[in-house]
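**Q** My questions will all concern the structure given below.
The values are calculated or read from the model by the stated rules, or taken from the named source; none is laboratory data. Computed from a predicted structure; not experimentally measured. Note that each Cβ is placed from the backbone with ideal geometry, even for glycine, and that neighbours are counted across all protein chains shown. These area figures cover heavy atoms from the full protein model, side chains too; ligands, DNA and RNA do not enter into them. Shrake-Rupley method; radii C 1.70, N 1.55, O 1.52, S 1.80 Å.
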Amino acid sequence: MEKTFMPDFKDQEQLYEHQLEGLKWTLSHAYKGSPFYRKHLEATGVIPEDIKSLDDLSNLPFTSGNDLKEGYPLPLLSVPEKDVVRIHASSGTTGKRKILSYTQNDLDEWFDMFARCYKIAGLTCEDRVQIAVGYGVWTAGMGFQLGCERLGAMAIPVGPGNIDMQCQFLVDLQSTVFCCTASMALLMAEEINKRGIKDQINLKKIILGSERCSSAMWAKIKELMGLEDMFDITGMTELYGPGTGLDCPKHEGIHYWADKYILEILNPDTLKPVEDGEIGEMVVTTLCKEAVPLIRYRTRDLTRKISNLCSCGNILPMHDKIMGRSDDMIILRGVNIYPGQIDEVLSSIPDVGSEYQLHLERKDDGKDYMTIKVESRQGIDSVNTQDTTTKIKKMIKSKVMVSCDAHICAYGELPRYAGKAQRIFDNRS
């Protein structure tokens with residue numbers, strides 16, 4: 001029988017029972033195996049036997065990226081070092097990296113989750129999956145590749161950049177699926193059209209990860225490549241890697257694998273649950289992770305929970321697309337701004353494209369100012385610059401509650417990136 005990689009729960013009650021058993025196991029495992037967790041839990045007066053229901057989760061202490069950095073090189077380790085078969089590291093650029101350890105069972109769980117993502121996106125063993133994300137100590141490349149192999153599809157591990165090889169393999173190997181960041185997808189879509197090879201390739205789907213994709217960029221990529229569908233995959237190094245959630249073909253939200261981890265959405269300032277539909281920080285607790293279990297780990301990623309179940313019939317819950325990170329927040333004249341808010345405004349204006357930059361500066365009067373540079377939409381010969389800039393400024397003021405200047409650039413004028421795009425240029429210091 002073909003493996004579905006999906007959990008066999010009949011209803012939400014069975015899922016909650018599974019989560020409770022997983023939570024009890026994680027607390028016991030971490031308490032016994034990790035000196036850090038034992039000390040961390042005892043400091044708050046909690047022991048594993050105190051967990052009687054999922055409501056008791058709120059009594060547990062938080063962990064954070066600082067705990068991982070301070071425990072370098074093998075932080076939060078809850079198994080003997082001899083049981084560690086692999087490490088991966090975060091892509092942090094300052095200080096010590098966050099290194100995560102994996103047992104063989106951790107890897108098996110991760111690749112099954114990733115194969116689940118591919119399965120939900122409609123991939124089969126007949127697909128040829130071109131992987132254009134980073135390899136090495138980063139989780140991205142290995143996750144996309146070994147999940148693909150777990151599914152039984154053909155993996156084409158090109159890695160990021162190398163546009164000539166990407167185009168050659170799309171033509172020669174007839175890749176049906178492309179996996180990359182949103183910025184890389186836009187770069188490839190424009191390059192395919194520039195080279196006139198659109199009718200020579202067989203690309204059906206793109207799976208995007210690692211970077212927020214605006215509605216305008218999403219529509220542009222799909223149009224330029226003539227795709228059947230696109231999917232948004234989520235994940236982070238601390239929580240196995242990419243592959244911990246995906247939006248299904250209904251695109252009503254990101255299904256997250258609640259059989260593998262519990263998700264809380266909390267106010268990043270008060271650390272209390274937000275109201276339904278409000279944006280908050282994702283806090284995760286793993287249910288079966290052996291080497292480095294996570295207990296109320298503050299991810300810094302921002303999203304909303306979606307309370308209703310998807311019309312696809314999957315009982316696993318959903319959250320909205322990642323809006324950004326709490327540590328990516330811009331404070332301008334006392335107002336908190338997230339890049340996702342700018343995405344939403346610009347995507348609603350027909351004459352502007354998907355590429356933009358935010359430039360922040362402090363002038364001689366001591367006040368902070370923001371200028372939004374945005375491209376005009378491809379195919380528009382002339383843009384009424386005055387009308388468009390006025391519309392941008394009015395909508396930003398109305399939706400984001402700050403004043404800004406706006407500058408319209410010609411299509412293709414802003415840089416393209418093979419990795420994550422740089423959007424924010426803060427020159428105030």
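**Q** Within the set of pairs 6+ apart or on separate chains, which have a first residue in region 137-165 that is among the acidic types (Asp, Glu), a second that is open to solvent by 10 Å² or more (accessible area, probe 1.4 Å) and not in a helix (DSSP H, G or I), and C-beta atoms under 7 Å apart?
**A** From residues that are among the acidic types (Asp, Glu), the pairs are Glu149/Ala155.
**Q** Pick from region 25-59 the residues that are among the hydrophobic types (A, V, I, L, M, F, W, C) and surrounded by fewer than 19 Cβ atoms within 10 Å (Cβ to Cβ): which of them is nearest to Thr286 (Cα to Cα)? Reasoning before the result, please.
**A** Going residue by residue through region 25-59, those that are among the hydrophobic types (A, V, I, L, M, F, W, C) are 25, 27, 30, 36, 41, 43, 46-47, 51, 54, 57.
Now narrow it down to the ones that are surrounded by fewer than 19 Cβ atoms within 10 Å (Cβ to Cβ): 25, 36, 43, 46-47, 54, 57.
Numbers: Trp25: 10, Phe36: 16, Ala43: 21, Val46: 18, Ile47: 17, Leu54: 13, Leu57: 12 Å.
Here the answer is Trp25.
**Q** If you scan region 172-199, which residues turn out to be part of a loop (DSSP other than H, G, I, E, B), in contact (Cβ under 8 Å) with a residue 12 or more places away in the chain and over 24 Å from Ala140 (Cα atoms)? Can you show your working first?
**A** Looking only at region 172-199, we keep the residues that are part of a loop (DSSP other than H, G, I, E, B), and these are 173-176, 181, 196-197.
Right, trim to in contact (Cβ under 8 Å) with a residue 12 or more places away in the chain and you get 173-176, 181, 197.
The answer is Ile197, and nothing else.
**Q** Answer with yes or no whether Tyr356 is aromatic (Phe, Trp, Tyr), in contact with a helix residue (DSSP H, G or I) (Cβ under 7 Å, 6 or more places away or on another chain) and part of a strand (DSSP E or B). Spell out how you get there, then give the answer.
**A** Details: aromatic (Phe, Trp, Tyr): yes; in contact with a helix residue (DSSP H, G or I) (Cβ under 7 Å, 6 or more places away or on another chain): yes; part of a strand (DSSP E or B): yes.
Yes, satisfied.
**Q** With the requirement that a residue be closer than 16 Å to Gly235 by Cβ, under 17 Å from the mean Cα position of the chain (by Cα) and either crowded, with 24+ Cβ neighbours inside 10 Å or among the β-branched types (Val, Ile, Thr) (or both), what does region 121-146 give you?
**A** Ile131, Val133, Thr139, Ala140, Met142, Gly143, Phe144 - these are the residues of region 121-146 that are closer than 16 Å to Gly235 by Cβ, under 17 Å from the mean Cα position of the chain (by Cα) and either crowded, with 24+ Cβ neighbours inside 10 Å or among the β-branched types (Val, Ile, Thr) (or both).
**Q** Then there's this: Residues in region 22-33: is at least one touching a helix residue (DSSP H, G or I) at 6+ places or on another chain (Cβ under 7 Å), part of a loop (DSSP other than H, G, I, E, B) and within 29 Å of Leu316 (Cα to Cα)? Break it down into steps so the answer makes sense when it comes.
**A** Let us first name the residues in region 22-33 that are touching a helix residue (DSSP H, G or I) at 6+ places or on another chain (Cβ under 7 Å), namely 23-24, 27-28, 30-31.
Cutting the leftovers down to part of a loop (DSSP other than H, G, I, E, B) gives us none.
Within region 22-33, none of the residues are touching a helix residue (DSSP H, G or I) at 6+ places or on another chain (Cβ under 7 Å), part of a loop (DSSP other than H, G, I, E, B) and within 29 Å of Leu316 (Cα to Cα).
**Q** Which residues, counting only those in region 179-199, are surrounded by 24 or more Cβ atoms within 10 Å (Cβ to Cβ) and either more than 27 Å from the chain's Cα centre (by Cα) or over 24 Å from Tyr411 (Cα atoms) (or both)?
**A** Cys179
**Q** Moving to a separate point now. Out of Thr285, Thr270, which single residue is touching a strand residue (DSSP E or B) at 6+ places or on another chain (Cβ under 6 Å) and either polar (S, T, N, Q) or free of Cβ contacts under 8 Å to residues at least 60 places away in the same chain (or both)? Even if it seems obvious, please write down each step before you answer.
**A** On the way: Thr270 fails: touching a strand residue (DSSP E or B) at 6+ places or on another chain (Cβ under 6 Å).
Result: Thr285 is the single residue among Thr285, Thr270 that is touching a strand residue (DSSP E or B) at 6+ places or on another chain (Cβ under 6 Å) and either polar (S, T, N, Q) or free of Cβ contacts under 8 Å to residues at least 60 places away in the same chain (or both).
**Q** Something else about it: Determine the pairs where a residue that is over 20 Å from Asp55 (Cβ atoms), located within region 18-35, has a partner that is part of a helix (DSSP H, G or I) and open to solvent by 50 Å² or more (accessible area, probe 1.4 Å) with Cβ atoms under 8 Å apart, the partner being 6 or more residues away or on another chain.
**A** Final answer for the pair search is Lys32/Arg38.
**Q** Additional query: Which of the residues spanning region 395-407 are within 16 Å of Ser348 (Cβ to Cβ) and either assigned to a loop (DSSP other than H, G, I, E, B) or open to solvent by 30 Å² or more (accessible area, probe 1.4 Å) (or both)? Let's see the steps before the verdict.
**A** Going through region 395-407, the residues within 16 Å of Ser348 (Cβ to Cβ) turn out to be 395-400, 404, 406.
Hits for region 395-407 are Met395, Lys397, Ser398, Lys399, Val400, Cys404.
**Q** How do the strands (runs of 3 or more DSSP E) wholly within region 200-258 filter down when requiring 3 or more residues that are touching a helix residue (DSSP H, G or I) at 6+ places or on another chain (Cβ under 9 Å) and open to solvent by 20 Å² or more (accessible area, probe 1.4 Å): which remain? I'd like the intermediate steps shown before the answer.
**A** Numbers: elements: 205-208, 229-236, 241-247, 254-256.
In region 200-258, 229-236 are the strands (runs of 3 or more DSSP E) which contain 3 or more residues that are touching a helix residue (DSSP H, G or I) at 6+ places or on another chain (Cβ under 9 Å) and open to solvent by 20 Å² or more (accessible area, probe 1.4 Å).
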